[in-house]
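The values are calculated or read from the model by the stated rules, or taken from the named source; none is laboratory data. Quantities reported herein were computed from a predicted structural model and do not represent experimental measurements. No Cβ is skipped: glycine too gets one built from the backbone with ideal geometry, and neighbour counts run over all protein chains shown. SASA here: full protein model, heavy atoms, side chains in, ligands and nucleic acids out. Shrake-Rupley method; radii C 1.70, N 1.55, O 1.52, S 1.80 Å.
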Amino acid sequence: MYAALYRLAVGAYLLWLGLVVTLVAGRYTPVPSFRIVHLGVVAGAAVLTLIGSGRLLRRGYGWVTRRLGERL
């Protein structure tokens, strides 16, 4: 189960990177750009921000509880 979720996450991340490259190419070259590409980049950035925030909160909570446990 973990391996399947990991593969799905890596695939979604690679898709998001492809959308970012497509968005940049559409902005700075004559390659056409589509609204769905912009929406995909924004949605991917939002998801990655939420995941990163969750990981930071989890690690910070663990760090604080370890520090408080050492002092008590």
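By the Cα gyration tensor, the range 1-70 has an equivalent ellipsoid whose semi-axes, rounded to whole angstrom, run 35, 15, 8 from largest to smallest. Taking the longest Cα principal axis of the chain as reference, the axis of helix 2-28 is set at about 40 degrees. Computed on protein heavy atoms with a 1.4 Å probe, the accessible areas place 36, 51 in the order 36, 51, largest first.
Note on residue 6 and residue 49: the model spin-label points, each 7 Å out from Cα along the C-beta direction, lie 2.9 nm apart.
Which sequence of 13, 2 reflects their accessible areas, 1.4 Å probe, from the largest down?
2, 13
Taking the Cα atoms only, what angle lies between the long axis of helix 35-71 and the longest principal axis of the chain, rounded to 10 degrees? Here the helix axis deviates by roughly 10 degrees.
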